[in-house]
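Participant: Quick one: structure below, then a few questions.
The values are calculated or read from the model by the stated rules, or taken from the named source; none is laboratory data. Just so you know, these numbers come straight off a predicted model, no measurement behind them. Heads up, the Cβs are rebuilt from the backbone with ideal geometry, glycines too, and the neighbour counts pull from every protein chain shown.
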Amino acid sequence: MELWFSEFHAPNVKHSLRVNKHLYSGVSDYQQIDIFDTPEFGKVLTLEGKVMLTERDEFIYDEMITHVPMAVHPNVLDILVIGAGDGGVVKELTRYHSVRRIDLIEMDPQVVEVCRTYLPENASQLDDERVHIHYGNALRFIRRCSEEYDLIIVDSTDPFGPSEGLFTREFYASCCNALREDGIMVNQQGSPFYSHDAEAMQRSHKRIVSTFPISRIYQAHIPTYAAGYWLFGFASKKYHPIDDLDAKRWLSLGLKTKYYTTRLHVGSFYLPAFLEEMLMEVENAE
Amino acid sequence: MKKTVLDQRRAPIYEALERFRQMRVVPFDVPGHKHGRGNPELTAFLGERCVGVDVNSMKPLDNLCHPISVIREAEELASDAFGASHAFLMVGGTTSSVQSMILSVCKRGDEIILPRNVHRSVINALVLCGAVPVYVNPEVEQRLGISLGMRRSQVEKAVREHPRAVAVLVNNPTYYGVCSDLKAIVKIAHDAGMLCLVDEAHGTHLYFGENMPISAMAAGADISAVSMHKSGGSLTQSSLLLTGPGVSTGHVRQIINLTQTTSGSYLLMSSLDISRRNLALRGKTVFSRVVEMAEYAREEINAIGGYDAFGKEIINGDSIYDFDATKLSVHTRDIGLAGIEVYDILREEYDIQIEFGDIGNILAYLSMGDRPQELERLVSALADIRRRYRKDSSGLLSQEYIDPTVVCSPQEAFYAEKTSVPIENSAGHVCSEFVMCYPPGIPILAPGERITTQILDYIKYAKSKGCSLTGPEDPEILNLNVLTRGI
């Protein structure tokens, strides 16, 4: 018997993973949640039929969305993480002893529960005493914050479902307002490869550019995401992602990573020509 | 006489169309696209299921001009659901419902008592039939700058001064959700031998929600025009005309058939049928959710500061006899922006389209299709707009009620010999056309009214703030048509 999980990466492109066992399937108030056990990627979390993380490649995403800003900002004390109910991002962040507080705002408590049960490794640091989990709408939560955070990490699902509100001007503006004067916001920016994703990426990049004084895109290779090619947004009020990278300080922390290095940090901001062109198009429009 | 209770789970037009679909009838009749086959591009765009039921009247599907089977049953179910004696399915928008309502009771020279903040379709109907408007000054809430309902004493006064008027027309509610004391006004009208007509373009949900302002039929009004496609959820341009026990359905049907199409759209009619079923079966729950969302949004918007998302607290027992809590109106003047400016910023910068913005307010239309996450977007966008654009609010004009001077009937003015004059030189002349801000579509000037400098100042200001002004023959509104022989 062959059992496969398939996901459309584009209307005419399908990505499939062989499945050993369908471990969990449930519908929360917001979305369909599934956990699969797969031979190649280990346990896989999907939301609405889309891969969110796999045990095999989650390190790439989690390291790139956390260490890049952490190696730039000299003194991150208070962090807000949006989405990320699987705990992967929090796991990386708690490795920094200097961090004082991590607020996590997740819409769906059921995602956290399911991850605690099926992906205990990933969710292991959600109980760190610095971590405060808030359940609710992120837009509502952040509207009430003003100059409270040094770093905001937006670990959302794609912009075509319940996370749509996290790709809007009103959301980025609220993030900007919630950051201290030298704060940084990092968000997942989707993939630039298939046209549907690329247009969404351009739209949200445009909104970030018009909100933050500094806004750059960086990339990583993530096998289970569309085209295996993923982007992150680095938006900041003061620090430049390359000029203000303090490699020495970061290396002195002695954090062991599997994907991130300070050399890759710089390299990840060097983008292919077609992508530069896409970004210029919206940056110039501003 | 109490009717037998009908089964609101039925939807006769929808059911007939499903039967029709299964019969695979060969069409040698109109429409010429023949279930979409002849127009593949249209079919690809709208979908086969949709164009497949875009069909003509025929025996199994009844005929809107003279309903005897499934349309008639659908009308009976609708009248039962709305507590009316009869309900007419309408396919020309609520404009056609309003016009049929007025044409059914007014003829040339008849007086009709109405508030000035009526929709243009009401005055258009007066152009058609030649009736003369007697305007009741709707009070204006000074701070918010919105027109309110009619006070009982003002209606009494108008009835006393114009005892031969044939009807009183009431907005229930206004665009902003303000209701007059409808029950009392019905009584005043009936006691004087007049009919009471109600424009319920924004009132479909009043028939189904709990703790809502009273609906026209429940208040004993004679005819009501109900925009099912607004809060009722049916397709754009579908509407209902309801009548009470004292109105001849045969006569109203004749009036409707004067102007309504003989090719009634089954897409529109089935949408009315299915929406009525939904409202009758689930309306109570649906609208309690809408009210809950609106109340939540009001709280959140008021917590931002500077905005005033007003609600039931504005009720004053007379000109605001009741308030429709599903309406989310926000007064924006205190953050230094005109409502129309906030309306434009929301669309241009936040991709949020709201219903309208006027001089002092915006209105976000909440309905059965809304979800909390989109409300969060609206609230957050308003918070950001305040952060980015807040300025001193002095110098912003508030919306004043401008009492119109009616010189002649709208019909007389509309058809009279006219001259085009530059707008700045038009003060003192009698206007022969409409000028209105759209939406909400309430005329600033109507045919037959004297143009004043106060009105011209208002038009100039509304234009400068980006209001979309419509109505005059000259689309730029640099010129106005006025009566050649000034009266």
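Participant: Could you please find all residues in the range A:191-243 being part of a loop (DSSP other than H, G, I, E, B) and acidic (Asp, Glu)?
Facilitator: A:Asp243
Participant: In the range A:44-55, which residues are in contact with a Lys or Arg (Cβ under 9 Å, 6 or more places away or on another chain) and not in a strand (DSSP E or B)?
Facilitator: Within the range A:44-55, A:Glu55 is the sole residue that qualifies.
Participant: Taking the range B:314-340 on its own, how many of its residues are over 24 Å from the mean Cα position of the chain (by Cα) and either modelled with pLDDT of 95 or more or buried (at least 19 other Cβ atoms within 10 Å of the Cβ) (or both)?
Facilitator: Taking the range B:314-340 first, the residues over 24 Å from the mean Cα position of the chain (by Cα) are B:333-337.
Next cut, either modelled with pLDDT of 95 or more or buried (at least 19 other Cβ atoms within 10 Å of the Cβ) (or both) only: B:333, B:335, B:337.
Here the count works out to 3.
Participant: While we're on this one: Suppose we filter B:Tyr389, B:Tyr343, B:Tyr350 for residues that are within 30 Å of A:Met107 (Cβ to Cβ), free of Cβ contacts under 8 Å to residues at least 24 places away in the same chain and not polar (S, T, N, Q); which single one remains? Full working, then the answer.
Facilitator: On the way: B:Tyr389 fails: free of Cβ contacts under 8 Å to residues at least 24 places away in the same chain; B:Tyr350 fails: free of Cβ contacts under 8 Å to residues at least 24 places away in the same chain.
Only one candidate passes the filter, namely B:Tyr343.
Participant: Just to be sure, is B:Leu382 more than 23 Å from the chain's Cα centre (by Cα), in contact (Cβ under 8 Å) with a residue 60 or more places away in the chain and within 13 Å of chain A (Cβ to nearest Cβ)?
Facilitator: yes
Participant: Have a look at B:Ile354, B:Ile340, B:Ile320, B:Ile362 and point out the one that is in a loop (DSSP other than H, G, I, E, B) and either under 30 Å from B:Ala184 (Cβ atoms) or more than 14 Å from every other protein chain (Cβ to nearest Cβ) (or both).
Facilitator: Working: B:Ile354 fails: either under 30 Å from B:Ala184 (Cβ atoms) or more than 14 Å from every other protein chain (Cβ to nearest Cβ) (or both); B:Ile340 fails: in a loop (DSSP other than H, G, I, E, B); B:Ile362 fails: in a loop (DSSP other than H, G, I, E, B).
None of the other options fit; the residue is B:Ile320.
Participant: Just the residues that are crowded, with 20+ Cβ neighbours inside 10 Å and part of a helix (DSSP H, G or I), please, taken from the range B:128-153.
Facilitator: Once the filter is applied, which keeps residues that are crowded, with 20+ Cβ neighbours inside 10 Å and part of a helix (DSSP H, G or I), the range B:128-153 yields only B:Cys129.
Participant: While we're here: Can we say A:Glu147 is charged (D, E, K, R), touching a strand residue (DSSP E or B) at 6+ places or on another chain (Cβ under 7 Å) and within 13 Å of chain B (Cβ to nearest Cβ)?
Facilitator: So A:Glu147 fits the description; yes.
Participant: I've got another one for you. Cβ-Cβ below 6 Å, separation at least six or inter-chain, first residue in the range A:126-142 and within 14 Å of chain B (Cβ to nearest Cβ), second crowded, with 17+ Cβ neighbours inside 10 Å and part of a helix (DSSP H, G or I): which pairs?
Facilitator: Partner pairs satisfying both residue conditions: A:Asn137/B:Glu376; A:Leu139/A:Gly165; A:Leu139/A:Phe171; A:Leu139/B:Glu376; A:Leu139/B:Ser380; A:Arg140/B:Glu376; A:Ile142/A:Ser174; A:Ile142/A:Ala178.
Participant: Something else about it: Would you mind stating whether B:Ala364 is without any contact (Cβ under 8 Å) to a residue 60 or more places away in the chain and either in the same structural domain as B:Gly109 (by TED's automatic domain parsing) or within 30 Å of A:Phe141 (Cα to Cα) (or both)?
Facilitator: So B:Ala364 fails the test.
Participant: Determine which member of the set B:Leu64, B:Leu46, B:Leu89 is surrounded by 22 or more Cβ atoms within 10 Å (Cβ to Cβ), more than 30 Å from B:Met212 (Cα to Cα) and of a type outside the set (Lys, Arg).
Facilitator: B:Leu64
Participant: So which residues in the range A:169-190 are within 14 Å of chain B (Cβ to nearest Cβ), buried (at least 24 other Cβ atoms within 10 Å of the Cβ) and either part of a loop (DSSP other than H, G, I, E, B) or of a type outside the set (Gly, Ala, Ser) (or both), if there are any at all?
Facilitator: Matches in the range A:169-190: A:Glu170, A:Phe171, A:Tyr172, A:Cys175, A:Leu179.
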